[in-house]
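The values are calculated or read from the model by the stated rules, or taken from the named source; none is laboratory data. Note that the structure is a prediction, hence the values are computed from the model and not measured. Using ideal geometry, Cβ is built from the backbone for each residue, glycine included, and neighbour counts are taken over all protein chains shown.
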């Protein structure tokens, strides 16, 4: 399932316990193409999400006027999909365990304290402007005093694909195509998220 991340909220269960949760506007997805091993060399289903205005669609894309096109591998639960199928949030149930992937927030160029959690130097004994400096990176004993690969240093932070597993679907609202998923998921509000079921089968995936 594809969707867009919304705001966070709190959900109370039947026992009265409160859970942090994220609202996701999920689907509906339109199946635009079903690829087969005989015709394309592999089996997959292509889905479109988020319709575009006709004025913004180039002529070669008129047949697929979607903001996002994604391909997913076919499984026994999705083998009956056709180009006329529609997939909505009814394939999920409360209690399903899912994995959510999205692009994390971009934070630009950051130092080692924020990027890697370094503690920084001492706040006394002559420290002037190096409290957040990384300190020595070694290299004296290496050939050519090179910096080894993987050295934790300052650099670009965020803007990466992150997957959070073992999240639980708390509520499913088929009327508004909304999923309430436990915990926090990557990205800012409005980020495209990919939701995959970790346990169980897809339900009612083929809707014409």
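Some points to look at:
- Some residue of the stretch 141-149 being modelled with pLDDT of 90 or more, part of a loop (DSSP other than H, G, I, E, B) and over 24 Å from residue 47 (Cα atoms): no
- In the set (1) closer than 27 Å to residue 69 by Cα; (2) surrounded by 14 or more Cβ atoms within 10 Å (Cβ to Cβ), residue 188 fails one condition alone, (2).
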